[in-house]
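See structure below.
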Amino acid sequence: MSKLKILEYPDPRLRRVARPAENVDERERKLVEDMLETMYDARGIGLAATQVDEDVRIVVMDLSDSRDEPRVFINPEILDRSGSQCYEEGCLSVPGFYAEVTRAEQVKVGALDIDGKPYELEADGLLAVCIQHEIDHLDGKMFIDYLSPLKRRMIGKKLRKQQNSREKATA
Ligand code: GNR
Ligand code: NI
């Protein structure tokens with residue numbers, strides 16, 4: 001397994017729309033393993049392939065406290081959504097920023113598992129939030145897109161500043 005680099009806003013590669021996986025093979029399974037390692041290392045509850053510069057519709061997640069219940073979604077699709085909930089979201093690609101986002105309270109999602117087998121899942125609460133957040137990444141969308149343009153600009157400015165000082169420190 002290897003840890004991957006997580007892209008940070010405003011990296012334009014986070015805006016790409018990912019292509020569906022054509023099959024679930026060794027290559028896809030290796031990416032899932034690497035994404036899980038990367039997510040656990042970064043202490044995130046979810047990670048989309050887009051965030052590690054891979055152009056394919058794959059998401060990993062683990063919402064358990066014990067960090068030993070990995071979930072894998074290949075070519076995930078939201079089949080049904082209902083209700084609405086407001087949740088304070090964060091993102092590994094927007095480190096240090098949190099904001100309330102309104103999304104569907106319940107979703108039904110269809111996806112392929114690690115063996116390429118189709119399955120469906122009905123989710124609510126944080127799991128539903130996370131599924132919507134991750135599928136957004138696959139479509140080049142981020143949680144800050146739901147904020148006001150002013151807030152988004154402020155976050156962009158601060159992140160660029162952080163990134164610049166990190167570059168100087170490693171130069
Ligand atoms: O680790 C994460 N926590 C989180 C908290 C609230 C709503 C969504 C998330 S997902 C995020 C990891 C991440 O950036 N996934 O794309
Ligand atoms: Ni995210």
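Per the listing VAL101, VAL107, the residue uniquely in contact with a strand residue (DSSP E or B) (Cβ under 8 Å, 6 or more places away or on another chain), part of a strand (DSSP E or B), buried (at least 16 other Cβ atoms within 10 Å of the Cβ) and in contact (Cβ under 8 Å) with a residue 40 or more places away in the chain is VAL101. With respect to (1) among the β-branched types (Val, Ile, Thr); (2) surrounded by 16 or more Cβ atoms within 10 Å (Cβ to Cβ); (3) free of Cβ contacts under 8 Å to residues at least 12 places away in the same chain, the lone exception for THR170 is condition (2). In region 133-156, the qualifying residues are those that are within 9 Å of the chain's Cα centre (by Cα) and near ligand 1 (Cβ under 9 Å from one of its atoms), and the one that is nearest to GLY46 (Cα to Cα) is GLU134. Being assigned to a helix (DSSP H, G or I), more than 15 Å from ASP139 (Cβ to Cβ) and touching a strand residue (DSSP E or B) at 6+ places or on another chain (Cβ under 6 Å) is not true of LEU47.
In this structure, GLU77 does not qualify as within 20 Å of LEU112 (Cα to Cα), open to solvent by 70 Å² or more (accessible area, probe 1.4 Å) and more than 15 Å from the chain's Cα centre (by Cα).
Looking only at region 123-130, decide whether some residue is among the charged types (D, E, K, R) and within 23 Å of LEU4 (Cα to Cα). Don't jump to the end; show me each part of the working.
Pass one, region 123-130, residues among the charged types (D, E, K, R): 124.
Within this subset, residues satisfying the condition of being within 23 Å of LEU4 (Cα to Cα) are none.
Checked region 123-130: no residue is among the charged types (D, E, K, R) and within 23 Å of LEU4 (Cα to Cα).
Tell me, which residue of region 50-98 that is among the β-branched types (Val, Ile, Thr) and in a loop (DSSP other than H, G, I, E, B) is nearest to ligand 1 (Cβ to nearest atom)? Ranking the candidates gives VAL94 first.
The values are calculated or read from the model by the stated rules, or taken from the named source; none is laboratory data. Predicted, not measured: the structure shown is a model, and the values here were computed from it. A quick note on method: Cβ atoms are made from the backbone with ideal geometry, for glycine too, and the neighbour counts reach across all protein chains shown. Surface areas here come from the heavy atoms of the whole protein model, side chains and all, with no ligands, DNA or RNA. Shrake-Rupley method; radii C 1.70, N 1.55, O 1.52, S 1.80 Å.
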